[in-house]
Each structure stands twice: as C-alpha cells, then as structure tokens.
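Colleague: The structure follows.
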Amino acid sequence: MKTLLLKALSLTLFFNYTILAQKSLDDNTLEFKIDNYLGKSVANGYSGSVLVAKNGEIILSKGYGWADRSQKIGNTEATVFNIGSVTKQFTAAAILKLMEDQQLAVSDNIEKYFPQVPADKRDITIHQLLTHTSGVSPRTGGFRYDEASKEVFLKDFFEAELMYAPGTKHTYANANYILLSAIIEQVSQQDYETFLRENFWTPLQMNHTGYKEIHFNSEQLAHGYYFHYTDGEWRDWGITQEYLPYNNEHWYSIGKGDIYSTVEDLYKWHLALENNKVLSAETKKLMEKAHVPENETRTSFYGYGWAIFNSRNNTKIVAHNGSNGIYFADFLRFVEDDLVVIALSNIILNHQSENVAWDIASMAMDEEYSSKIIPKNKYELVFDFIRSNSPDKVSLLPQFIESKTETPINDKALLNRIGFKQVSENKNVEWGVALLKLNTDLFPEDGNLWDSLGEGYYLLKDRPNAIKSFKKAIELKPETNCYWCENSRKKLDEIKNK
C-alpha cells in the first residue's frame, strides 16, 4: 500500500509540475504555445522530448510524458531515444570526413572496396549509395534486429536483383547505408561506432549519443511503447539495446538506423554543422545539396543523409525523420530562417504525433497558426468505446472516433485487426463480429474484409451468415493476389461437408 501511495504521489506531482510550468509562461509567447500544445497532448498519450531554437537561441527544451511508465520516470530534455533513420546523416558525415582526409572519393566505384562484387553492381558509386540511387531494393537485407555478420549482409547485397540500372532513379533503401558502414570500417580500420565517437561525438561533447555502447545511467533511456490490439493495452517494448545483437552480428541494423541520442546532443550537432566544426563549408554544402528528386513532382530531394525541401516562404529546409516502428524522430533545420525543431518520441499514436515537429515549425513561422491537440491512438479509442458500450451500439463507433480525432475511419485495417483478433483468439467474439460487420458496411467492396467477417460467423457457428460472407469475399476477388480466396473456398467446402 505504501508503494502504491508513493507512486500515486509521484504521478500527481509529475502532472502538477507540468501544469504549473505551463501557467508560469506568458501565454502570448511561442514557448507557451508550444508547451501548451504538447502538455495537453500528454493526456492523450503523447510522450517525448522536444527542442526548438530560433535565431540562435533555445526557445524550449523539455520532455513530456513518461520515459519509463512502470518506474514513473518522466521524459526530460536529457532523455535518450532511438533516432531511427536520423542516423543516416552521421553515416554520410563519416564518409565525407574520410573524403576530406583523402581516403576515398564519392565517385569511387564499390568494386574498389569489394572486388567480389558481381558485374551488375560493379559500377555503383559511393555517391549513389549516399543518394539511394544504386538501384538496390528496399527489401534487400533482413529484419533489423536479426543477427547477421558483415559477410552475410554483403552476400545479401551482392546477390540481390537490382530494380534498375545504378544512377537511374531514387528509391530509398536502407541497404545503401549499411554498405556505406562497411566502407567506413574498411577505410578507417575502425568499427563504425568508434569512428563516429572519436571524430564527432566526443569532440562535440555529445555524451549521450551512440550506437550500442552506453556510458551513462540506463535510466536515462526512454522505453518504447506500442498498443497491443488483442488485449487493448499499451505494452512496454523495452529499450533498443535489448534487441540489438550483443555481438558484432548487427549488420541488418548498422549505419541506417538505431543510433540513440537526445534533443540536446542533436542540437550540438546542428551547431557544429552550421559552424563548420564537423565538415568544411564546402563539404557541408555538398552534404546539403539537393542531389536527386525523391518524387516525380520534384518537391523533395535527397542530399547525403538529409532530405531537402523548400518552405512555404521558398527558403531551404534540411531535414530527416526516422523510426524503428516504436520510436519516432524528426530533425528539421530551416537553415535560411535560423530555425531548428528536434522532436524525439518513444510512442507513435497517429500521424498527428508524427507531425509534431512540423506543427511546431508552423507555429514558429506563422504567429496565426494554431495546432490542435494530438488525439488518442485510434486503436485505443476503439477499446475505449468497447468497454463503455454493448455490441448493439457498434453503429455509433464511427461517430465516436470522428468526434475524438476529427477524422473518419479511413483505415480498413483498424477494425479488421481488432475484430479478427477478438474472434480468432476468443477474446470477445460478439464484439469482434460486430466490428468486422461494421467494417464491411464502411468498405463494402473489399473482399478481404468479407473473408474476415466469414471467419467470425464461422467461429460463432452462424452457418448462413458465414456462407454469405465467404461467397461475397470470392465474388469481390481482385484479378491478382487474392490471398484470402483460398481460405473462403476452403471454409465454404468445410461448411457444406458438415
């Protein structure tokens, strides 16, 4: 009982502190607007750390929500997060550092470093790896946390079929940056993390940035959280270091993502780039050049480890985001407006939570702009409704979701995933079938949803409705890739033969 009281007290103090901090700010300032927006979003599950700097001054640097829910440790400006593909700028900087030291050239073909490379990939250049124009597929390489030696990854890369001839077009593929890591190690004769630490992080006193090595209190690491839509609850994923191979067989992860950092350390990195302490001015210009278009409309370009855009005011933005599916990171540098927004999060609620940095940037660039509070995760909202209503009220669910999020149910997977899990795992079958039926009402032309509904009726032993649903699924089959048709036919045969 004493432990529970202490936890309750710490929870109260944590949120009271947040409220008092908000009230202490002048409500006309940009700092207040940002803090109010994020502070109110915490009630809906937002969790992360944000740093905003304008005209060379830090406007806000603060944490929101929990770094560790079970231990009641709140996020702060010093909390450490997985930064996902924001990692790529460090890999690119390492290559450019080696270029400045005349140990390689971005025009080098990879055959120079890997004589065993097959003929179709012999002419891929370092520049093409940096800009994702090598032709390699996004599917090349395995799951990021599976063990793989450098040799295994190289075999994967060299044996993979190219999507197109090198240099033809841009397709974002993580394998490009993994191969760059192998080049860094070969040229520098150091492991990837050691090279980055000695050349960048230690000189810049980025003491809470790294890959696998941790030299600080592990309580500073933010736990990742995800919503478990079978049981309808948030689960603790843990920390990245629990998933990365403990040995050197991390070659599905390295170079492309999984570096950890803080908003404060990343701001130090930004200042070092701006002051040419990382790379020379000429090399930094090469890094931030709009080398290749990322899309056909040519509204977004890729540099070396950065994406390049123009703002609404036609000023240059150098940015990158990243995620491992649990954490989300965004690093925005409005280089001509002297505005930096860094947002790191240990939970993904929805596209609004992933859009935090851009919303804050809009506040900073436009005094009239007002951002809406981040809503709850839609999966969580479905369970909120289920726990307060009986299945016969299911028709009210779309209105409930839209009232909370200001968007309709436009994702076919939302109700299908929850409903099918409730049915298939015998959790709450009546509600599961109700959700699946509602989904076919919302998206009546999708045969896969009718197959899922048929499964629900089949488990309920509702023979007539099961037959009707499976027949509808087959009737709506697409011309290709009807992965549910075989199941529908099989179940129809089973029902008929009983």
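Colleague: Hey, what did the stretch 329-450 get for relative contact order, percent, Cα under 8 Å, at least 6 apart?
Modeller: RCO, the stretch 329-450: 15 percent.
Colleague: Charges on Cβ only, +1 for Lys and Arg, -1 for Asp and Glu, centred on the Cα centroid of the stretch 60-101; of Phe90, Ser70, Val80, which one is farthest towards the dipole's positive end?
Modeller: Ser70
Colleague: Stretched out fully, how many nm does the piece from Asp236 to Lys412 gain, at 0.36 nm a residue minus the Cα gap?
Modeller: Difference between extended and current length: 60.7 nm.
Colleague: Let me ask something additional. Taking square-rooted eigenvalues a ≥ b ≥ c of the alpha carbon gyration tensor, is the chain rounded, prolate or oblate, where a/c under 1.5 means rounded and, failing that, a/b exceeding b/c means prolate?
Modeller: oblate
Colleague: To the nearest 10 degrees, how steeply does helix 2-23 sit against the main Cα axis of the chain, on a 0 to 90 scale?
Modeller: So the inclination is approximately 60 degrees.
Colleague: On C-alpha positions alone, give me the angle between the axis of helix 463-475 and the longest principal axis of the chain, in degrees, nearest 10.
Modeller: For helix 463-475, the angle is close to 40 degrees.
Colleague: For Lys155, what accessible area in Å² do you get when you roll a 1.4 Å probe over the heavy atoms of the protein chains, rounding to the nearest 10?
Modeller: Surface accessible to solvent at Lys155 totals approximately 110 Å².
Colleague: Mind ordering 393-399, 212-218 by average Cβ neighbours within 10 Å, highest first?
Modeller: 393-399, 212-218
Colleague: For Arg298, what accessible surface area do you get with a 1.4 Å probe? Give it in Å², rounded to 10.
Modeller: 140 Å²
Colleague: Leaving out ligands and nucleic acids, note down the accessible area per residue over the chain with a 1.4 angstrom probe, in whole Å².
Modeller: Accessible area per residue: 46 Å².
Colleague: R0 = 56 Å: FRET efficiency of Ala43 with Asn481, Cβ-based, nearest 0.05?
Modeller: Between Ala43 and Asn481 the formula returns 0.85.
Colleague: Let me ask something additional. With a 1.4 Å probe and all protein chains kept in place, how do His291, His270 rank by accessible area, largest first?
Modeller: His291, His270
Colleague: Where does each of Phe157, Phe143 land when they are ordered by accessible area, with a 1.4 Å probe and the largest first?
Modeller: Result, largest first: Phe143, Phe157.
Colleague: Give the shape of the stretch 96-234 as rounded, prolate or oblate, defined through the alpha-carbon gyration tensor: a ≥ b ≥ c are the square roots of its eigenvalues, a/c under 1.5 means rounded, and otherwise the shape is prolate if a/b is larger than b/c and oblate if not.
Modeller: oblate
Colleague: Distance between Cα centroids, the stretch 324-356 to the stretch 141-168: provide it in whole Å.
Modeller: Computed from Cα coordinates, the inter-centre distance equals 28 Å.
Colleague: Rounded to the nearest 20 debye, what is the charge dipole size of the stretch 54-182 about its Cα centre when +1 sits on each Lys and Arg Cβ and -1 on each Asp and Glu Cβ?
Modeller: 440 debye
Colleague: With a 1.4 Å probe and every protein chain kept in, tell me what percent of the accessible surface of the chain is carbon plus sulfur.
Modeller: About 48 percent, which is the carbon plus sulfur part of the accessible surface.
Colleague: Would you work out if the stretch 257-306 is rounded, prolate or oblate? Take a ≥ b ≥ c from the square roots of the eigenvalues of the alpha-carbon gyration tensor; rounded if a/c is under 1.5, else prolate when a/b is larger than b/c, oblate otherwise.
Modeller: Since a/c reaches 1.5 but b/c is at least a/b, the shape of the stretch 257-306 is classed as oblate.
Colleague: Could you tell me which residue out of Phe385, Ile347, Ala43 lies farthest along the dipole of the chain toward its positive end? Charges go on the beta carbon: Lys and Arg +1, Asp and Glu -1, centred on the Cα centre.
Modeller: The Cα lying farthest towards the positive end belongs to Phe385.
Colleague: Using +1 on the beta carbon of Lys and Arg, -1 on that of Asp and Glu, and nothing else charged, what's the dipole of the chain about the Cα centre, debye to 20?
Modeller: The dipole magnitude comes to about 1360 debye.
Colleague: Could you tell me the relative contact order of the stretch 30-143? Use alpha-carbon pairs under 8 Å, at least six residues apart, and round to a whole percent.
Modeller: Answer for the stretch 30-143 is 13 percent.
Colleague: Is any residue of the stretch 438-462 close enough, with backbone N under 16 Å, to a label point placed 7 angstrom from the Cα of Arg489 along the Cα-Cβ axis, and if so, which?
Modeller: 448, 451
Colleague: Right, here's the next one. Give me the distance in nm between label points sitting 7 Å out from Cα along the Cα-to-Cβ direction at Glu430 and Gln190, one decimal.
Modeller: 6.6 nm
Colleague: Under the definition of Cα pairs under 8 Å and six or more residues apart, what whole-number percent is the relative contact order of the chain?
Modeller: Contact order relative to length: 15 percent.
Colleague: So, one more: Compute, for Tyr172, the solvent-accessible surface of its heavy atoms (probe 1.4 Å) with the complete set of protein chains present, and express it in square angstrom to the nearest 10.
Modeller: Accessible surface of Tyr172 is approximately 80 Å².
Colleague: Towards the positive end of the charge dipole of the chain, with charges on Cβ (+1 Lys, Arg; -1 Asp, Glu), say which of Phe143, Ile360, Phe443 has the farthest Cα.
Modeller: Sorting the options by dipole projection puts first Phe443.
Colleague: Only Lys, Arg, Asp and Glu count, each charged at its Cβ (+1, +1, -1, -1), so figure out the dipole size of the stretch 172-313 about its Cα centre, rounded to 20 debye.
Modeller: 700 debye
Colleague: Rank Lys169, Lys472 by accessible area, highest first, at a 1.4 Å probe radius?
Modeller: Lys169, Lys472
The values are calculated or read from the model by the stated rules, or taken from the named source; none is laboratory data. Please read all numbers here as calculations on a predicted model, not as lab measurements. Here Cβ is always computed from backbone atoms with ideal geometry, including for glycine, and neighbour counts include all displayed protein chains. Heavy atoms of the whole protein, side chains included, go into the accessibility calculation; ligands, DNA and RNA do not. Shrake-Rupley method; radii C 1.70, N 1.55, O 1.52, S 1.80 Å.
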